[in-house]
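Just so it is clear, none of the values below were taken in a lab; they were calculated from the coordinates. Please read all numbers here as calculations on a predicted model, not as lab measurements. Backbone-built Cβ (ideal geometry, glycine too); neighbour counts: all protein chains shown.
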Amino acid sequence: MGPSFSIQELIDLSWQNAEDKGWHSIGKSFGEDMALLHSEVSEALEEYRNGHKPDETYYHPEDLSMIKKPEGIPSEFADILIRLGDISRVYGIDLEGELRAKMAYNTTRPHLHGGKCL
């Protein structure tokens, strides 16, 4: 396993990679960003519907590159985090700070608050 990074450091590294690859030059709207985030969630569901287990990472056998592209639900979850971090940085949202604040608040909520299971 590689070096440990904070959530913000991972967001920054991912954002820089997207910047270097030209993804920030296409000028997406907030709605488009949300749709792309949703598409990553849908791709995770499709992996499940195609019979892959939630913890299964696989690689296509015809992929002959040195670094093979990971596939599966875990990879789609990573894409969700990458896209969410990118959107957060574009809009100036401190995602790590918001996550910490929300987690702190959630510790004050009662057991099964809201009464909904699903």
Quiz item: For segment 63-78, list residues with backbone N below 11 Å from a point placed 7 Å from the Cα of Asn17 toward its Cβ?
Solution: 70, 78
Practice problem: Please state the charge dipole magnitude for the chain, taken about the Cα centre, from unit charges on C-beta atoms (+1 on K and R, -1 on D and E), reported in debye and rounded to the nearest 20. | Solution: 520
Quiz item: So how do 78-89, 13-24 stack up, highest first, on mean other-Cβ count within 10 Å?
Solution: 78-89, 13-24
Exercise. Using a/c under 1.5 as the rounded threshold, could you call segment 1-66 rounded, prolate or oblate? The axes a ≥ b ≥ c are square roots of the C-alpha gyration tensor eigenvalues, and prolate needs a/b larger than b/c, oblate otherwise.
Key: oblate
Self-check item: Reachable lysines from Lys53, criterion Cα separation under 27 angstrom, eight or more residues apart if same chain
Solution: Lys68, Lys69, Lys116
Quiz item: Which of the following values of Cα Rg over 2.2 N^0.38 Å was calculated from the structure shown: (i) 1.01; (ii) 1.26; (iii) 1.43?
Solution: (ii)
